[in-house]
Structures are given as C-alpha cells and as structure tokens.
Amino acid sequence: MLEYKGIHYETHPKVYEPAEDTFLFAENLQIERRDRVLEIGTGTGLLAIITSKKCSTVTATDINPHAIDCAVKNLITNKSYNVELRKGDLFEPVKDDTFDLILFNTPYLPTNESERVGDELDDAWDGGSDGREVIDRFLEGLKDHLNPGGRVQLVQSSLSDIDKTIEKLNRIGLDASVTAREKFFFEEVVIITGKPKNE
Ligand SMILES: C[S@@+](CC[C@H](N)C(=O)[O-])C[C@H]1O[C@@H](n2cnc3c(N)ncnc32)[C@H](O)[C@@H]1O
C-alpha cells in the first residue's frame with residue numbers, strides 16, 4: 001500500500017504509478033466546493049480521491065481497464081463515495097455530460113514505435129510522435145463538455161509544445177496560462193489552467 005498525505009492507495013503493474021507530475025497536479029488543483037468535476041485518465045484514482053474531498057461530485061474515467069479496477073479499490077479504501085468511475089476513450093464515456101472543471105494528467109511524451117512497451121502502460125505516457133496526439137484530441141472535445149463558466153486544468157511537458165495548447169484553449173474562448181511548473185532532467189512539466197476570459 002502506498003500513501004500520499006493520508007490517502008492510502010494501491011497500484012498495479014499495468015497502471016501508472018503516481019509520480020512527480022501527479023503530485024505537482026495535486027498541489028495545484030483549483031477546485032471550488034460547488035464544482036461538478038471530470039477527471040480523464042484517473043489511473044489509480046488518487047487525484048479523483050483528493051478532488052472528491054473538495055467538491056460536490058467527481059466523474060473519473062480511464063481507457064485502461066486495469067486502472068478502473070485499481071481505482072475502484074482505492075475509492076472504497078478511502079470511502080470516496082461521491083466519485084463515479086467510467087471506462088473509455090476521452091469524452092466517450094461522458095458524451096452527454098457537462099462539467100464545471102475538467103482535469104487531465106495527459107500522456108504527454110513524444111514516443112516512437114521502439115519506445116512502446118506493448119501493453120496498457122503505453123497509454124500512460126505515449127503522446128505519439130510529437131507528444132500531442134491525445135492532448136489535441138482532448139482539446140477538440142473539451143468545449144462541448146464544459147458548463148458555461150467552466151474551467152480546465154491539464155498536465156503536459158515542455159517536450160509537447162506548451163504554447164500550442166495555450167493557443168488552442170484561447171481559440172475556444174478560455175484564458176489559459178501555466179499555473180505551476182517543475183523542471184526535471186530533460187523536460188519541464190507544467191500545469192496549464194484555462195478559465196473563462198472575463199474571470
Ligand atoms: C500520466 S497518466 C496519469 C494517471 C493519474 N491521473 C495520475 O496523475 O497519476 C495518464 C492516464 O491517462 C489514461 N489515458 C490515456 N489516454 C487516454 C484516453 N484516450 N482516454 C482516457 N484515458 C486515457 C492512461 O491510461 C493513464 O491512466
């Protein structure tokens with residue numbers, strides 16, 4: 001059993017183990033008590049558990065079935081009864097739903113064929129050849145799932161073009177900026193936050 005600030009959780013060999021990017025995100029979440037939150041790509045469910053203590057409801061999804069199984073156990077351990085889990089690709093499991101805040105620690109690493117391990121763990125970091133494959137699909141679907149006044153927070157790397165994400169968020173009417181950053185050996189990991197322009 002692993003522990004983060006009093007939350008006890010387990011992981012699985014084919015599920016992303018919470019790491020520096022997860023903890024940077026956890027420390028920089030901008031959640032309001034009344035928020036209905038969507039977390040895409042929940043992995044172990046750790047961020048959904050943290051979020052659920054600060055808002056009304058959380059819907060958490062993942063494309064990896066092992067992640068959903070792992071998150072179910074962790075939600076029960078932590079009595080996070082206001083989190084609902086759904087399996088599927090990006091917005092597909094919430095196609096008719098809208099949210100006040102959408103969170104995603106994205107698979108943001110530029111990855112080529114020889115770097116793939118060939119199982120569900122690839123989904124944790126494989127952002128395709130430019131690192132933006134999943135980020136761009138996420139940004140395309142985002143607007144349709146935000147309530148009026150809705151916000152977004154996502155994690156990505158300096159290796160996958162931070163400015164492009166900010167530009168795309170601006171284009172859908174959000175005021176976007178880097179709200180946290182941490183340098184690692186070969187990259188900088190950032191939290192990008194998008195809010196309505198007049199806020
Ligand atoms: C970097 S991990 C983050 C996991 C967890 N949120 C955390 O911060 O520790 C990215 C997660 O997104 C999931 N994921 C990747 N592509 C996805 C997609 N298209 N739809 C839903 N989940 C996806 C992966 O399976 C993985 O669990």
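Worth pointing out:
- The C-beta contact set for the stretch 92-106 (first residue over 15 Å from A48 (Cα atoms), second residue among the acidic types (D, E), distance under 9 angstrom, 6+ apart or interchain) comprises K95/D144; T98/D144.
- So D97, is it at pLDDT 95 or above and out of contact with any helix residue (DSSP H, G or I) (no Cβ under 6 Å at 6 or more places or on another chain): yes
- Some residue of the stretch 147-155 being in a loop (DSSP other than H, G, I, E, B), without any contact (Cβ under 8 Å) to a residue 60 or more places away in the chain and under 17 Å from the mean Cα position of the chain (by Cα): no
- In the stretch 1-46, the residue that is farthest from F184 (Cα to Cα) out of those that are of a type in the set (D, E, K, R) and assigned to a loop (DSSP other than H, G, I, E, B) is R34.
- When G41 is tested against (1) out of contact with any strand residue (DSSP E or B) (no Cβ under 6 Å at 6 or more places or on another chain); (2) at positive phi, exactly one condition is not met: (1).
- Hits in the stretch 53-70 - residues which are more than 9 Å from the ligand (Cβ to nearest atom) and under 12 Å from the mean Cα position of the chain (by Cα): T59
- Matching residues in the stretch 20-45 - criterion: being polar (S, T, N, Q) and in contact (Cβ under 8 Å) with a residue 60 or more places away in the chain: T22, N28, Q30
- Filtering F138, F99 for residues that are within 16 Å of I40 (Cα to Cα), crowded, with 17+ Cβ neighbours inside 10 Å and more than 14 Å from the ligand (Cβ to nearest atom) leaves a single hit, F99.
- Inter-residue pairs, beta-carbon under 9 Å, first without any contact (Cβ under 8 Å) to a residue 60 or more places away in the chain and aromatic (F, W, Y) and in the stretch 68-89, second in a helix (DSSP H, G or I) and crowded, with 20+ Cβ neighbours inside 10 Å, 6+ apart: Y81/S52; Y81/L75
- Among the residues of the stretch 15-31, the ones that are surrounded by fewer than 18 Cβ atoms within 10 Å (Cβ to Cβ) and within 24 Å of D119 (Cα to Cα) come to 3 in all.
- Residues (of a type in the set (S, T, Y) and either more than 8 Å from the ligand (Cβ to nearest atom) or assigned to a strand (DSSP E or B) (or both)) located in the stretch 102-113: T111
- The stretch 71-91, subset within 15 Å of the ligand (Cβ to nearest atom) and β-branched (V, I, T), residue nearest to the chain's Cα centre (by Cα): V83
- Residue match in the stretch 151-162 (condition: modelled with pLDDT of 95 or more and over 22 Å from E20 (Cα atoms)): yes
- Only one of the listed residues (E133, E115) is free of Cβ contacts under 8 Å to residues at least 40 places away in the same chain and surrounded by fewer than 13 Cβ atoms within 10 Å (Cβ to Cβ). That residue is E115.
The values are calculated or read from the model by the stated rules, or taken from the named source; none is laboratory data. Not measured: the values here are computed from a predicted model. Reconstructed Cβ throughout: ideal geometry from the backbone, glycine too, with neighbour counts over all protein chains shown.
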